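Following: one structure in structure tokens, then a few remarks.
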Amino acid sequence: MNIERTFVAIKPDAVQRGLMGKIITRFEEKGFKIIAMKMLEVSNEQAASHYAEHKGKPFYDGLVKFIMSAPVVAMVVEGIDAVAEVRHILGATNPNNADVGSIRADFSPVMSCNCVHASDSVESAKREMSIYFDVEKELCTKWKTRMEIILDDLSK
């Protein structure tokens, strides 16, 4: 099994609309382990680091302004093929193209308010986790979810 960690941020629009619990539940019900989570107001420095690859693009200022407009819920999610699977649960960036049943199809009215961010690769996940967490101190890794216990029992 390919166990990965990925970074997820519940964006300001979803926080303001009270969707945090519904979004977190999607990951937990799929069997993922949330090993770090906190609500925070994103600083200028964090926003610039998070969107560094978009600096200079016409939409950069809007991204930074939006991510700083209200709190976000930052999470580190762990599980089998977490990067790809979490992005599948989110759905396409543009909610009009998102699969029925995905978070963005269910909760996002427009692309500029698409509720959730998730890393697009293991490398991006490591970079993004370090923007929001002290990875050496803030990850809770010494426990097992019910899914992990079941999978451990099946492999014996």
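Projecting the Cα atoms of 27, 3, 14 onto the charge dipole of segment 1-70, computed from C-beta unit charges around the Cα centre, puts 27 farthest toward the positive end. Working note: 222 nm ellipticity from helices only, DSSP H runs with n ≥ 4, each -39,500 (n - 2.57), summed and divided by the residues of the chain, gives -11500 deg cm²/dmol to the nearest 500. Computed from the C-alpha gyration tensor, the three semi-axes of the ellipsoid equivalent to segment 1-137 are 20, 19, 14 Å, from longest to shortest. Take 82-89, 45-52 and order them by the average number of nearby Cβ atoms within 10 Å per residue, most first; the result is 82-89, 45-52.
Here's the list of lysines a cross-link from residue 142 could span, going by alpha-carbon distance under 17 Å and ignoring same-chain residues fewer than 8 apart: 33. Ranked by the mean number of other Cβ atoms within 10 Å of their residues, highest first, the peptides 129-135, 9-15 come out as 9-15, 129-135.
Taken as Cα centroids, segment 33-83 and segment 92-156 sit 12 Å apart, rounded to the nearest whole angstrom. Think of each Lys and Arg Cβ as +1 and each Asp and Glu Cβ as -1; about the Cα centre, that makes the dipole of segment 1-64 roughly 200 debye. Charge dipole of segment 1-108 (Cα centre as origin; +1 on each Lys and Arg Cβ, -1 on each Asp and Glu Cβ, all else neutral): 180 debye, rounded to the nearest 20. Sorted fewest first by neighbouring Cβ atoms within 10 angstrom, 64, 8 come out as 64, 8.
Straight Cα distances below 18 angstrom link residue 65 to the lysines 11, 55, 57, with same-chain residues fewer than 8 positions distant left out. If contacts are Cα pairs under 8 angstrom and at least 6 residues apart, what is the relative contact order of the chain in percent? Relative contact order here is 34 percent. The C-alpha radius of gyration of segment 58-156, expressed as a fraction of 2.2 N^0.38 Å, stands at 1.27.
Only the coordinates and a few stated rules stand behind these numbers; no lab work does. Bear in mind the structure is a predicted one, so any value in this text is a computation, not a measurement. Backbone-built Cβ (ideal geometry, glycine too); neighbour counts: all protein chains shown.
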